[in-house]
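What follows draws every value from the coordinates through simple rules; no lab data is involved. For clarity, every value in this text was computed on a predicted model and none was experimentally measured. FYI the Cβ positions are ideal-geometry reconstructions off the backbone, even for glycines, and counts take in every protein chain you see.
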Amino acid sequence: MVENIKYANKYNFAFIDEATKKEIRRKLLKAVAIPGYQVPYSSPEMPIARGWGTGGLHVTLAIIGREDIFKIIDQGSDASVNACNLREFVHQMTNCQTTYDTSEATLIQTRHRITEEELTENQIFVYQVPQPEPLRSVERYEYRTRQMHGEADYAKMWVSLYESYVRSGDIMLGAGYPVKVNKRYIMAPSPIPRWDVPNLNQSKALHLFGAGREKRLYAVPPYTTVEALEFEDVKFHTEDFKGTECYKTGYKKAFLDELYFDDGSKHFIINDSNFLDKLVEKESPKQHENKYIKQLQS
Amino acid sequence: MGYVAVKGGTDAIHNSQQLVEFYRLKDATTPLDIKQIRTQLRMAVDKVMGEGGVYAPEYAAIALKQAEGEVFEAAFILRAFRATLQRKYYSEAINTREMFVRRKISASFREIPGGQILGPTRDYTQRILDTTKAFEDQEAIKKFLTDFKVPVNSDKLAEITTFAKVIDLLKNEGLLKPIDPDEDRTLKDITREAIKFPAPRSARLQMLARAETGGLMALGYASMRGFGSVHPTVGELRYGAVKVKVKDATGRSRYIGKIEVTEAETISAGKSAKKKSAPYYNIGYGLCFGQNDTKVICMGILDTAMRTPDVNSPANDQEFVLYHTEGIESMGFVNHLKLPHYVTFQSELKNIRGAVERSAEKPTEQAIQSPQLQSV
């Protein structure tokens, strides 16, 4: 008898079929071998909208194993609605354990933040990237930016930083501050705040970037030099939270969210939800170390 | 770990999912039958299949039902479903010369081989809101169908055969541009490989075939109206059923079924790059699933336009056309603006506050001028 298979949807482990996973993994290997270089890949459609984390999902689902413990944050928060949705999706498709605890996770997917808690050699950090091309603001054509990367011709980028300084007295780039990886490629670190950028440098973890809509993958392997673009006399600096502190913990050395209460009063709170939880519970999570945090008074 | 907001996020999306389902069903009307959607909303189904990139009328109808008739959303659902299907074969090139023609028109000649066949089209209907549709019932449908069949002579149906193409007439006369030997003719599969620029024509046409009709129309119209130079004549537009064949493991060609497609071949006069050589005709090509005249005509215009790159007209710019008419991607990214951006916003806010403070300290000439520059 012929079996009626109509409407019998069966999904593969981690949703994506094995052939496509293999393709993504091979492209990721290439990305790791050439730090900061954007590798084109197939980027199949996901049941999640383009621009809502499909690239990050491709990476996560291509590399996740049954033993992995998965954490996902959006804007630093485990609670963000889209993170909740993606967490459920990954859990449904893999049955992997999920967690909010940064140190417990083996695979962390993120949108626009690096955790305050230091990452380890046993962790892989996956970024959702909206625009993988750091040169897009100075060159609209893809075929030209690829050429510029090939020739390490970054003059337009430097000129735009200089112009920004001349116009506004500072390099006016906010989140997604361009970095140079392994002294070679200029890379978009995804729209993480400047606060997080120094934490990419010589990081112990493997950082993988997935831009689904733009169909590009790239990577920063562990212990790779990552430098924010700066001039000898005009330096890169992180966001300045001088004079403010987390209203719940009194902590000052973390990226803070600006909140407005019903009475119109302004307050600040630690952005990283798990880091905040740990401080509230009187734990002392090990934070990333970098010269910008060191400069701050505790 | 007792962070309340985490629970809040998950609850919120679950409630929202429940609520959208409630909105779909709240008036407790008769459930739409998939067959009804497939047949009575034929054009919507065709659009969803075309943009979804998979020929599956039944699944397209389900997607439309699930999305409360939102065509973008339905096409997206179908596209995501498509991505879970394994590609087992590449079909052989379909032959539209062997199409079972339901509609076939040419604007370039008064008479064409086999004649002009209007077929099913709303082109010559008067767009008057037909309020009698509000009272349509089974009986009325039955009566229409019986009356419709009376003048049809079923003996003649067997005689219907295939028709020669209009462009063949021009081709035989030697008026078409010969294929440029330098043109990149590699066959790409855009579903398995990211597009690279300059893209070969195979990749361009595949992108256009899955592109969003409205997006193609905006750019095609712009090119005709003034922001470009392609104003073609429709050489031939045909809609009908074509056979799909695949090669099996032994290399034998196997018939696997029929699909309905619309095809357009648009003709525009081209200028030769060399000064004294003769002018020739360019053929712009468009093909999509189901019946969608607007889409294939605009594909034809854009196919022609993209073959002569010109950054001054958007339609002639491959990257501009192909990236921005991709409906699923554009819709996703535009809607991602609804996601929280407070970290990125905070980062920018710090810069803007700093700059405002600096300009308040010493109002330079430049600071005064810049608002004017922006308003231009």
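Taking the C-alpha atoms only, the angle from helix B:138-149 to the longest principal axis of chain B is near 40 degrees.
Semi-axes of the equivalent ellipsoid for the stretch B:144-187, computed as √(5λ) from the eigenvalues of its C-alpha gyration tensor and ordered from largest down, come to 43, 15, 10 Å. As I understand it, the value is the acute angle between the Cα axis of helix B:213-225 and the longest principal axis of the Cα atoms of chain B; what does it come to in degrees, rounded to 10? That works out to roughly 80 degrees. P(r) tail, chain B: Cα-Cα pairs separated by more than 40 Å, 32% of all pairs.
Sites listed here are chymotrypsin sites (Phe, Trp or Tyr not before Pro) in the stretch A:195-298 whose DSSP assignment is loop and whose Cβ has at most 12 other Cβ atoms within 10 Å: A:TYR223, A:PHE231, A:PHE261.
Its DSSP H runs of at least 4 residues, each contributing -39,500 (n - 2.57), put the calculated 222 nm mean residue ellipticity of chain A at -7500 deg cm²/dmol, to the nearest 500. Among the GluC sites (Glu not before Pro) in the stretch B:138-189, those located in a DSSP loop and surrounded by at most 15 other Cβ atoms within 10 Å of their own Cβ are B:GLU159, B:GLU173, B:GLU183. Dipole of chain B (Lys/Arg Cβ +1, Asp/Glu Cβ -1, origin at the Cα centre): which of B:ASN172, B:ASN351, B:PRO340 lies farthest to the positive side? Result: B:ASN172, furthest along the dipole toward the positive end.
Each of A:CYS84, A:CYS96 has some number of other Cβ atoms within 10 Å of its Cβ, and from fewest to most they run A:CYS96, A:CYS84. Averaging Cα coordinates gives a centre for the stretch A:147-200 and one for the stretch A:241-269; these two points are 28 Å apart. How large is log10 I(q)/I(0) at q = 0.11, 0.18 Å⁻¹ when the Debye formula is applied to the Cα atoms of the stretch A:18-228, each weighted equally and without solvent? Those come out to -0.49, -1.31, one per q.
Rg ratio for the stretch A:227-298: its Cα radius of gyration over 2.2 N^0.38 Å, N being its residue count, equals 1.29. For the Cα trace of the protein assembly as shown, dividing Rg by the Kirkwood Rh returns an Rg/Rh value of 1.01. Ignoring lysines fewer than eight residues from B:LYS26 along the same chain, the ones with Cα atoms less than 25 angstrom from its Cα are B:LYS35, B:LYS65, B:LYS133. Here the residues A:MET46, A:MET148, B:MET207, B:MET49, ranked from fewest to most Cβ neighbours within 10 Å of their Cβ, fall in the order A:MET148, B:MET207, A:MET46, B:MET49. Using every pair of distinct Cα positions in the stretch A:171-298, the Kirkwood expression returns a hydrodynamic radius of 16.4 angstrom.
Across q = 0.18 Å⁻¹, the stretch B:4-82 modelled as identical point scatterers on its alpha-carbon atoms has Debye log10 I(q)/I(0) values of -0.74, in the order of the q list. Of the candidates B:ARG254, B:ARG102, B:ARG204, which one comes out as most mobile in a Gaussian network treatment of chain B with C-alpha springs shorter than 10 Å? Maximum fluctuation in the GNM of chain B, among the listed residues, is at B:ARG254.
For a quick check: sort B:VAL311, A:VAL179 by the number of other beta carbons within 10 angstrom, fewest at the front. Each step should come with its number before you reach the end.
Working: B:VAL311 11, A:VAL179 23.
Taking fewest neighbouring Cβ atoms as first place, the list is B:VAL311, A:VAL179.
According to the Kirkwood relation over distinct C-alpha pairs, the hydrodynamic radius of the stretch B:73-125 is 15.2 Å.
Hey, what number do you get for chain B at 222 nm if only DSSP H runs of n ≥ 4 count, each worth -39500 (n - 2.57), divided across all residues, to the nearest 500? The partial results should precede the final answer.
Values: 15 runs with 169 residues, N = 376.
Theoretical 222 nm ellipticity from helices: -13500 deg cm²/dmol.
Using C-alpha pairs under 8 Å with a sequence gap of at least 6, the mean separation divided by the residue count of chain A gives a relative contact order of 21 percent. Sites listed here are GluC sites (Glu not before Pro) in the stretch B:50-100 whose DSSP assignment is loop and whose Cβ has at most 16 other Cβ atoms within 10 Å: B:GLU68, B:GLU70, B:GLU92. When only alpha carbons are used to place a centre, the stretch B:91-147 and the stretch B:209-270 end up 18 Å from one another.
The long axis of helix B:71-82 is offset from the longest Cα principal axis of chain B by roughly 80 degrees.
The mean sequence distance of close C-alpha pairs (under 8 Å, at least 6 residues apart), as a share of the length of chain B, puts its relative contact order at 17 percent. Using alpha carbons only, the radius of gyration of the stretch B:56-167 set against its Kirkwood radius gives Rg/Rh = 1.04.
Using a simple spin-label model with pseudo-atoms 7 Å out from Cα toward Cβ, B:VAL152 and A:LYS30 lie 5.3 nm apart.
Of the cross-linked pairs A:LYS10/B:LYS258; B:LYS47/B:LYS177; A:LYS71/B:LYS338; A:LYS215/B:LYS165, which ones have a Cα-Cα span greater than 29 Å in the structure shown? From A:LYS10/B:LYS258; B:LYS47/B:LYS177; A:LYS71/B:LYS338; A:LYS215/B:LYS165, over 29 Å: B:LYS47/B:LYS177; A:LYS215/B:LYS165.
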